[in-house]
Amino acid sequence: MTDLPNLIVIAGVLFLAGTVKGVVGLGLPTVSLALLTPALGLHDAIAAMLLPSFLTNLQQALTGGGITALLKRFWPFLAAVVLGTIATSGAVALIDTVVLVTVLGASITLYAALGLLTPPWPHPGRHEAWLGPVSGALTGLLTGMTGSFVIPSVPYLQALGLGRDRLVQMMGATFTAATLALAAGLGSWGVLDGTALALAAVVGVPPAFIGMEVGRRLRGRLSERAFRRALFTALLLLGIWMIARELASVAA
């Protein structure tokens, strides 16, 4: 991962992922993993996106005020995300990478399909008390296995009918918690190479923030609906390709 060509790839992908996040408010980890995993492998892709994801999502969570009220309401959901992530973070050390990349591809494909279909998610109502922790735990389990933390957290949060600003803020808080738990879990298993992680972070963080600023400036000039459709279509095709590539490698 520390070779110059790989560092250039990391910087370019994090810039692109940051731009996507700047336009639509999410997508940095998903885009990063989708593009970096085929180039670097799942372990290095996760390591490369950890600090950029944490810092950009922390900024997103703290922007706009009201974070205390959100944490008071959603702490069971966030706690379940953390516990689920730590519980499965050893998967990258114990399970065949082919399986994990296939699961990641399936997660990206499902996320993209839901983004294109935009189904009317029913409000959980009185079921929020138990559905929140269940959704958080499932999100954590997938995060620990693949590094992707959008399913089912994003559809669940969208179903709650939060205002746009609070939804974006809560997604930032969710992704921040998941990133911290993932780093802690992978560190406990000795999966993360500290030197490579630090170098990837130095290379990846500035492009991610520059990309976010570019994305924010583009937001007012682009049709967000058209941009989201193009993004989710590309992720759908990329997720399907990842699954097909891994299955083909097994068959060969």
Filter result for V150 (closer than 18 Å to I108 by Cβ and not small (G, A, S)): yes
Index of the failed condition, T109 passing every other in (1) at pLDDT 90 or above; (2) closer than 21 Å to A61 by Cα: (2)
Residue that is under 27 Å from G161 (Cα atoms) and in contact with a Pro (Cβ under 8 Å, 6 or more places away or on another chain), where the choices are L110, L131, L116: L131
Residues that are assigned to a loop (DSSP other than H, G, I, E, B) and within 27 Å of G194 (Cα to Cα), drawn from the range 49-104: S89, G90, I95, D96
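Return the residues of the range 156-185 that are farther than 20 Å from L83 by Cα, surrounded by fewer than 22 Cβ atoms within 10 Å (Cβ to Cβ) and not basic (K, R); say none if nothing qualifies.
Correct list: Q158, A159, L160, G161, L162, G163, D165, L167, V168.
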Residue match in the range 176-193 (condition: in contact (Cβ under 8 Å) with a residue 12 or more places away in the chain, over 15 Å from the mean Cα position of the chain (by Cα) and more than 25 Å from G140 (Cα to Cα)): no
Looking only at the range 1-43, and only at residues there that are out of contact with any Phe, Trp or Tyr (no Cβ under 9 Å at 6 or more places or on another chain) and hydroxyl-bearing (S, T, Y), the one that is nearest to Q59 (Cα to Cα): T19
Of all residues making up the range 111-144, the number that are free of Cβ contacts under 8 Å to residues at least 60 places away in the same chain, among the hydrophobic types (A, V, I, L, M, F, W, C) and either part of a loop (DSSP other than H, G, I, E, B) or crowded, with 22+ Cβ neighbours inside 10 Å (or both): 2
Any hit, the range 90-106, residues being buried (at least 17 other Cβ atoms within 10 Å of the Cβ) and within 18 Å of L157 (Cβ to Cβ): no
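The values are calculated or read from the model by the stated rules, or taken from the named source; none is laboratory data. Since the model is a prediction, treat every value here as computed from it, not as a measurement. Note: ideal-geometry Cβ built from the backbone for every residue, glycine included; neighbour counts use all protein chains shown.
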